[in-house]
Structure formats: structure tokens, C-alpha cells
Amino acid sequence: MNIDWAALGSVFGVSLAVTVALVGLFTLGIIGLSKHEAATSGASSAAGGTATAARTGAYACFALCAAAVAYGIYLIVA
């Protein structure tokens, strides 16, 4: 049995980088939702734009996470 260590290291490195990026992106989405909650709980009317931007950014992060997961499933199935 012959193991291609360079290929194994490459797969490990890419999977580690994608995992860290995906977890970071999901974390940004969670932070965006918490910022939205904090902005909407305040009584200031100027916080409306901040709340909308935070919610939109959070939804964008979650959409990118879902797209990455769907692409990974596509690669496994295809």
C-alpha cells in the first residue's frame, strides 16, 4: 500500500480552511442577528437602518453557509 502524503496533506489543509471559514461565516450571521436584536430593542428611530443592515448581513451569511453546504453535498453525490 502506497500513501500519497502530499495529496493527503492537501485534502487536510483545504478541509481545515473550509471548515474554519464556514464556522466563521455562521458566527458572523449569529452576531448579525444579535446586533439586529440589540438595535430593535432600543427606542431610537435612527437604529432602524442599523437593524436592517444587520439583519440583511446575517441573512447573507446564512445564505452563503447554505450554499457552501449544498455545494459540498453536490460534490459528494456527483
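The values are calculated or read from the model by the stated rules, or taken from the named source; none is laboratory data. Predicted model only: the values in this text are computed from it and were never measured. Positions of Cβ are generated from backbone atoms using ideal geometry, with glycine treated the same way; all protein chains shown enter the neighbour counts. In case anyone asks, the SASA skips ligands and DNA or RNA and just uses the protein heavy atoms, side chains included. Shrake-Rupley method; radii C 1.70, N 1.55, O 1.52, S 1.80 Å.
Some points to look at:
- Of the candidates Ala78, Ala53, Ala46, the single residue that is modelled with pLDDT under 95, surrounded by 11 or more Cβ atoms within 10 Å (Cβ to Cβ) and more than 9 Å from the chain's Cα centre (by Cα) is Ala53.
Residues are listed down the side, and each one gets a yes or a no for (1) open to solvent by 60 Å² or more (accessible area, probe 1.4 Å); (2) among the hydroxyl-bearing types (Ser, Thr, Tyr); (3) assigned to a helix (DSSP H, G or I); (4) in contact with a helix residue (DSSP H, G or I) (Cβ under 9 Å, 6 or more places away or on another chain):
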| position | (1), (2), (3), (4) |
| --- | --- |
| Leu8 | yes, no, yes, no |
| Ile30 | yes, no, yes, yes |
| Ser34 | yes, yes, yes, yes |
| Glu37 | yes, no, yes, yes |
| Thr40 | yes, yes, yes, yes |
| Ala67 | no, no, yes, no |
| Ile73 | yes, no, yes, no |
